[in-house]
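Here is the structure we will look at.
The values are calculated or read from the model by the stated rules, or taken from the named source; none is laboratory data. Just so you know, these numbers come straight off a predicted model, no measurement behind them. Note: ideal-geometry Cβ built from the backbone for every residue, glycine included; neighbour counts use all protein chains shown. To get the accessible areas, we keep the full protein, side chains included, count just its heavy atoms, and leave off ligands, DNA and RNA. Shrake-Rupley method; radii C 1.70, N 1.55, O 1.52, S 1.80 Å.
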Amino acid sequence: IHSTISETLQLLGRTIEKNISIVQKLEAVRTKVLGDPVQLQQMVLNLVINARDAMSVDVGGTDGGQLTIETRDLPCKLALPPGEQRLRTGNFLRISVKDTGCGIPSDIKDKIFEPFFTTKDPDRGTGMGLAMVYGIAKSHCGLINVQSEPGKGATFEILLPLIEDGLTAEVEKTTYSRDDLTRHQRGK
């Protein structure tokens, strides 16, 4: 996932304003997840663009700020949000994208992952970015969580199951379907 993040930031290098500093804290030791590299890059791309826009004056954000991308591997025996108990315990990769932008008002936080929902002007976005991020995380047997307050930025965290060491060689040679990902997630 670290190479995916680095490639995404290189792609976006020219589109992120100079008044936004990017901090990378790629601290995960185990970074291989079972999934489609293109979709994972799309997920990171949409989160970074969303963070950039939240720090843009054009959309009511701040005038610049800091964008932090962090990875960490962690055992998942933590309390999960309601409805997410389907996630098994095991080793997970956490990807966190944090901005110091305008934040998300509590009255719309439940709608941000809905397709076509947007607070941007019609010429600034379609509302598909976060819906795609949500769909990609779910299709990779992961989950996404957001923490935000108006005026205090937002943090999007994604948990994805890590590939067990014994599966690495097999995974690199094989294409997996969503059913395969689900079976792997359940340990079958």
Students often check this: by mean Cβ neighbours within 10 Å, which of 154-161, 5-12, 19-26 ranks highest, and how do the rest follow? 154-161, 5-12, 19-26
Going from most exposed to least, what order do Phe116, Phe92 have by accessible area with a 1.4 Å probe? Phe116, Phe92
Violating pairs (Cα-Cα greater than 25 angstrom) within the set Lys32/Lys152; Lys18/Lys138; Lys25/Lys152; Lys18/Lys109; Lys32/Lys111; Lys32/Lys109: Lys32/Lys152; Lys18/Lys138; Lys18/Lys109; Lys32/Lys111; Lys32/Lys109
At a Förster radius of 22 Å, what calculated FRET efficiency corresponds to the Cβ-Cβ distance of Lys152 and Met128, to the nearest 0.05? 0.30
Segment 1-58, Kirkwood Rh and Cα Rg, ratio Rg/Rh at 0.99
